[in-house]
Amino acid sequence: MGMKINAEYAEESAQQIVDAAAARWSGTSLHAEVRHHKSGMKLPYVFINCPKNHWRAVAKWLRFEMGADHCSMITGTHWPEGPDEKKWEVVAHLMRMNVINPPERGGWTEQVIRDPAILQDDDVPMEFEISISIPDTRNPSVQSVQEVWMGADWNEKETWDLVGIEFDGHEGMRRVLQPHDTPVGFHPLQKEHKIRYHDAEIMYDDTQGFGRKPADDGKVK
Amino acid sequence: MAEMWISMGPQHPMTHGLWTLKVKVDGETVVDTIPDLGYIHRGVEKICESRDFTKITTYCDRLCYASANTWAHSYIYAAEDLLEVEVPARAEHIRVIAVELQRIASHLIWLGAYCPDIGNLTAFVWCLREREMMMDLLQELGGSRMHYNFPRIGGVKRDLPIGFAMRARAKLNLFLDRIQETEQMLDESTVFLVRTQGVGYAKPEEMVNYGVTGPNVRAGGVNYDIRWAHPYSVYDELDWEVSVERPSIKGADSYDRYRVRVDEMRQSARMCLDALDKMPGGAETHYTEGDPMILTKARERAEEGKTGFHHFEDSRGESMFYLAGGGEQRGKHPYRISIRSPMFITIPYAAKCMIGHKVADIPAIMGSFDPCIGETDR
């Protein structure tokens, strides 16, 4: 048995989501489109450029109407050299897993075995990539979606810990990967923090290492 | 009785790594838990920002010491998505074999580490003996025993060695026999059944909401696997079935999570055997223009604002790499690299599963989720 999803049905399903987004969010600057991976994954995915102030509403719409029931990853990027309206970016990756609670019979749950070849419309597993731009600010923040997906909880904790983007309405925010006594305001993935050799091409031109000096030479013990 | 907090870890056999589980107990019963991670945070994401696209594979290998190959492949697919690289069919088949052998090895080291936790030391020796066969095969492919650095952007390091297919078939068939022995031993072991059955119930819809993936969620009867739902490589052409468990209505317990992993090892062996049969001939295992050409093209192909990502079925769940290109300015380096670790999301949920159980059940519950702290802390 080959486990193959019909590519045409997947394409149709992605287009349906894009059409639904255009109808539901027509008054905002939200933009949705069907995209394809350049290599690797074979099926299309839905890319959504979401305005910052609508993120929680869009998330609820995706979760409860479009069936995106799995929050795969929420991450952030600092773009200090980027355009003014996109100095920070939050990217969310969602999946439509289509989990129907397994039917119960005699105290046991039945397996839900479906033939991937006949999945259509809302049943096709789908990926979503949502990009939220944040304009130039020292205190970037977006709305938290912790209450929509519990899985977003630790993703948001990590994004705040490492990138420094705050999530409004997130309960119990704390350092997760860095030590608890890390100075307030220190977020290592912001671009002003550089590790040794960050901008040094000499690492590759001078393979023997003669004349190699780290960028912070003399400053670090 | 007064409630009190107990710190399990960072040095505790239950943790399978370096982290702390703070447990609030009322007598013998767990009433609250707080996981505390980050003890071996190495800043891989930051380090990778100043490395070439081709040099990052080495770091990804070291994310998980038990499952190095899956993590390296996970990165390579994302990099190929960003750099728009085509991969020859033969290389894809070799990749499937490498990843599935690694998955068997990873599940075996999990079973080997889990059974001594709950009082069955024999399984440890048996599992390591069988894992040795997989390690030998992987060593033939990658040249080392733990960190193979096997995949390349656009292909694999080298073609299959002479006679590999023959040896792989023999060892996989032997493995399929031997895993039956191990399974019989565990299924007839009263100690194993008593410790695993009826502890750590996890509801399917709750697991999905918390972002739990992989064998843990399939143990709850959820038929979801990246390999069929979002197909990549040649998984949609191979002969296999998703391993899904049939749990009780209370949810998946530790025993279900053990069952689904044993079945997954069988499916992986089946996939490897099928990939060996279906592999196209020839010696085309690499993108014709090779690694150096990819790097020189990185400046224009990975322009600023362009991203590449890939969801990957790791041994522990859905791993994912998200890459952002930096264009002319960053040259051959990615601008941002972000890693989704399946265990980072699963550990908080696993900690919730313990609430209501006895303190003595904690190792039996935590171990069944297969934690790996290398990838969790990154």
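Bear in mind that the values in this text are calculations on the coordinates, not laboratory data. This one's a predicted model, so the numbers in the text were calculated from it and none came from an experiment. We place every Cβ from the backbone using ideal geometry, glycine too, and count neighbours over all the protein chains shown.
For A:Lys194, list the aspartates and glutamates whose Cα falls under 13 Å from its own Cα; do not include residues on the same chain fewer than 8 positions away.
A:Asp216, A:Asp217, B:Glu45, B:Glu49
For chain B, what size does the Cα cloud have along each of its three principal axes, sorted from largest down, in whole Å?
Dimensions of chain B along the principal axes of its Cα atoms: 69, 47, 33 Å.
So if we plug the beta-carbon distance of B:Val359 and B:Ala170 into 1/(1 + (r/R0)^6) with R0 = 45 Å, what FRET efficiency do we get, rounded to 0.05?
On the way: r = 46 Å, r/R0 = 1.02.
That gives a FRET efficiency of 0.45.
Where does the protein assembly as shown land at 222 nm, in deg cm²/dmol rounded to the nearest 500, when only DSSP H runs of n ≥ 4 count, each adding -39500 (n - 2.57), divided by all residues?
-12000 deg cm²/dmol
Roughly what would the spin-label model give for B:Val194 and B:Lys250, points 7 Å off Cα along C-beta, in nm?
The two pseudo-label positions are separated by 1.7 nm.
At R0 = 41 Å, how high is the FRET efficiency between A:Glu65 and B:Gln184 if r is their beta carbon distance? Nearest 0.05 is fine.
Details: r = 49 Å, r/R0 = 1.18.
Efficiency at R0 = 41 Å is approximately 0.25.
Just give me a number: lysine pairs in the range A:1-126, eight or more positions apart or cross-chain, with C-alpha atoms less than 19 Å apart. Please report the intermediate quantities before stating the final value.
On the way: A:Lys4/A:Lys42; A:Lys52/A:Lys60; A:Lys52/A:Lys86; A:Lys52/A:Lys87.
Going through the range A:1-126 pair by pair, I get 4.
Give me the distance in nm between label points sitting 7 Å out from Cα along the Cα-to-Cβ direction at B:Glu132 and B:Gln11, one decimal.
Rounded to a tenth, the inter-label distance reads 3.1 nm.
Please compute the modelled spin-label separation between A:His36 and A:Glu171, points set 7 Å along Cα→Cβ, answer in nm with one decimal.
4.5
Going by how many other beta carbons lie within 10 Å of each one, how would you line up B:Arg259, B:Arg316, A:Arg24, fewest first?
A:Arg24, B:Arg259, B:Arg316
Bin width 5 Å, alpha-carbon pairs only: give the P(r) of the range B:1-109 as whole percents, running from 0 to the bin holding the largest distance.
Going from the shortest bin to the longest, the percentages are 2, 10, 13, 15, 13, 12, 10, 8, 7, 4, 3, 1, 0, 0.
Please work out how many pairs of lysine residues in chain B are eight or more positions apart (or on different chains) and have Cα atoms closer than 18 angstrom.
Number of lysine pairs found: 16.
So, R0 is 30 Å and r is the distance between the beta-carbons of A:Asp121 and B:Glu303; what FRET efficiency does that work out to, to 0.05?
Details: r = 35 Å, r/R0 = 1.17.
Here the calculated transfer efficiency is 0.30.
With +1 on the Cβ of every Lys and Arg and -1 on the Cβ of every Asp and Glu, and nothing else charged, how large is the dipole of the range B:50-353 about its Cα centre, in debye rounded to the nearest 20?
Details: 38 positive and 43 negative charges, 162 e Å.
The dipole of the range B:50-353 has a size of about 780 debye.
Considering every Cα-Cα pair within the protein assembly as shown, what fraction, in whole percent, is farther apart than 45 Å?
On the way: 23845 of 179101 pairs.
Tail of P(r) above 45 Å: 13 percent of Cα pairs.
As an exercise, identify the GluC sites (Glu not before Pro) in the range B:1-45 lying in DSSP coil whose Cβ has no more than 13 other Cβ atoms within 10 Å.
Answer in residue order: B:Glu28.
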